[in-house]
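Only one structure is covered here, and it is reproduced in the block below.
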Amino acid sequence: MNDDQQMIQDSAARLFADAAAAALNTQVEAGGFPQALWLQVEEAGFAAALAAGDQGFGLTPDQALPIFEELGRHRVPLPLAETAAGLALLACAGHAPLAGPGTLIDAGPGQTLALTGDGRHLSGEAPAVPWGRQAAWALVQLPQGDIAVVDLKDAAGLSCEPGLDLAGLPADRLRLAGVAVRAVLPAEAFGIALPLRSTAALLHAAMMVGAMEWALAEAIQYANDRVQFGRPIGKNQALQQMLAQAAGDVASARMAVRAAGLDFRLGDAQRAARVDFGVAAAKVRCGEAATRVAATAHQVLGAIGFTHEHALHFATRRLWAWRAAYGADAWWAQRLGAAAIRARAAGFWPAMTQRQFSATAAE
């Protein structure tokens, strides 16, 4: 990590330090929204960190990813990843930035949103929309590949059925009946495949890295502090091996995310293959690692780690939720595998060493 990245990470850590309190997460899980913290995040420029030009800070993804690592490390209950990804996509397509928190509506099971005949209204249903009830606007992945921009606050024809994801954070069912579309962003403006899913997946992978690092640190600290039969349980060789394996998982996940961040650029068609490979590898590695790290942390902490009073569940439940967000590891692995099969034996090793496949899997 260079000096600029370290400075950005330190700034995020200072801002998010108080957000790790269990009371804030409990408040959000009960239906509240940390408005004061959101205003601080906006003022710090984190929401527009990835937006290029005059619309934001214009940080490259590898510079901005430490913000989202800290978001995960401190278990911050905010729609920052969705908003930052949305503002970056808007800027890439030449659209003016939008105010307030935003959300993303990805393609997937149950998502039936489509433009009406006039092309200026959106109808259908979207289940499990992150922060749907609090978002002021949304970017919607359309079946033909374009992205629609819609206002959600006081929109005529919009209804919201509140729900929660595995982390206890808002994941609401939205029903749209002729909701006016602010704009339609053409797919070719982004230069990469699946721009909405890929951008959000990369940011969520970074959040997973932060959450895993915190969970692992908690497990190590507990293993050193918990004394049983006259010595710390961390002296047990089997437990040391579990923690060592978890540390290896976290380290490999971190490197996969940072490599993807170096390759990721919106609007650059020449980097499309590298972007697709990098995001897929990062999401696969983080999903697999999260499964093992969460299990190890709970095994080490034992009964206390399963209580609501202990903070561990705020990290592990987020890992379980983010593991499935914007394409689970199995979905991204299938995409990589299909591309590798088409590249055949002659193209496999060059593709691995160049961090790209020349042909991506079918959409």
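The values are calculated or read from the model by the stated rules, or taken from the named source; none is laboratory data. What you see is a predicted model; the values in this text were computed from it and never measured. Because the Cβ atoms are built from the backbone with ideal geometry, glycine has one as well, and the counts that use them run over all protein chains shown. To get the accessible areas, we keep the full protein, side chains included, count just its heavy atoms, and leave off ligands, DNA and RNA. Shrake-Rupley method; radii C 1.70, N 1.55, O 1.52, S 1.80 Å.
In a simple Cβ point-charge model (Lys, Arg +1; Asp, Glu -1; nothing else charged), the stretch 159-203 has a dipole of about 100 debye relative to its Cα centre. Taking every protein chain into account, the 1.4 Å probe leaves TRP214 with about 40 Å² of accessible area, to the nearest ten. Backbone amide hydrogens, once placed in the peptide plane, bring HIS121 within less than 5 Å of THR116, VAL181, excluding anything fewer than 5 places away on its chain. Taking other residues whose beta carbon is less than 14 angstrom from the beta carbon of ALA273, and scoring Lys, Arg as +1 and Asp, Glu as -1, yields +3.
Any idea how far the Cα center of the stretch 209-242 sits from the one of the stretch 80-142, in Å? When both Cα centres are located, 42 Å separates them. Computed 3J(HN,Hα) for the stretch 167-182, one whole-Hz value per residue from the Karplus formula 6.51 cos²θ - 1.76 cosθ + 1.60 where θ = phi - 60°, is 7, x, 9, x, 8, 9, 8, 9, 10, 10, 10, x, 6, 5, 9, 6, glycine and proline marked x.
Considered as an equivalent ellipsoid built on the Cα gyration tensor, the stretch 165-234 has semi-axes of 45, 18, 6 Å, the largest given first. Shown for the chain are the DSSP H helices of 30 Å or more along their axis, judged by Cα atoms, with a mean Kyte-Doolittle hydropathy of at least 0.0: 195-225, 237-263, 272-301. For semi-axes √(5λ) of the Cα gyration tensor in Å, the value computed from the atomic coordinates appears in the list [x] 33, 25, 19; [y] 41, 25, 22; [z] 44, 22, 20 under label [x]. Taking every C-alpha pair closer than 8 Å and separated by at least 6 residues, the mean separation divided by the residue count of the stretch 125-238 gives a relative contact order of 22 percent.
Working from Cα pairs under 8 Å separated by at least six residues, relative contact order for the stretch 175-321 is 33 percent. Using Cβ point charges alone (K and R +1, D and E -1), the dipole size of the chain about the Cα centre works out to roughly 1000 debye. Each Lys and Arg adds +1 at its Cβ and each Asp and Glu adds -1 at its Cβ; summed about the Cα centre, the stretch 9-64 shows a dipole of about 80 debye. Computed on the stretch 14-138, with alpha-carbon pairs under 8 angstrom and 6+ residues apart, the relative contact order is 22 percent. With a cut-off of 10 Å between beta carbons, the residues surrounding LEU262 carry a summed charge of +2, where Lys and Arg count +1 and Asp and Glu -1. What FRET efficiency would be calculated for the residue pair ALA311, GLN334, taking the C-beta separation as r and a Förster radius of 25 Å, to the nearest 0.05? That pair, ALA311 with GLN334, gives E of 0.15.
Here the 3J(HN,Hα) profile of the stretch 150-162, calculated from phi with Karplus coefficients 6.51, -1.76 and 1.60 at θ = phi - 60°, is 10, 7, 9, 6, 6, 6, 5, x, 10, 10, 10, 10, x Hz, Gly and Pro shown as x. Between ALA96 and MET255, residue separation times 0.36 nm minus the direct Cα-Cα distance comes to 53.9 nm. Farthest toward the positive end of the dipole of the chain, out of PHE16, PHE357, LEU203, is the Cα of PHE357, where the dipole comes from beta carbon charges about the Cα centre. In terms of its C-alpha gyration tensor, the stretch 45-112 has an oblate overall shape, because the principal axis ratio a/c (a ≥ b ≥ c, square roots of the eigenvalues) is not below 1.5 and a/b does not outweigh b/c. Taking amide H positions as modeled 1.01 Å from N, with prolines and chain starts lacking one, the residues under 5 Å from TRP137 and 5 or more places away or on another chain are THR103, LEU152.
Think of the chain as a dipole: +1 on every Lys or Arg Cβ, -1 on every Asp or Glu Cβ, centred on the Cα centre; then among ALA295, ALA114, GLY327, ALA295 lies furthest on the positive end. Distances between placed amide hydrogens fall under 5 Å for VAL129 paired with ASP172, ARG173, LEU174, all partners being 5 or more residues away or on another chain. For the pair PHE229 and THR291, a Förster radius of 30 Å applied to the C-beta separation gives a FRET efficiency near 0.45, rounded to the nearest 0.05.
Rounded to 0.05, the FRET efficiency of the GLN270 and MET352 pair, given R0 = 25 Å and the Cβ-Cβ distance, is 0.80.
What separates the Cα centres of the stretch 1-47 and the stretch 281-309 is a distance of 23 Å.
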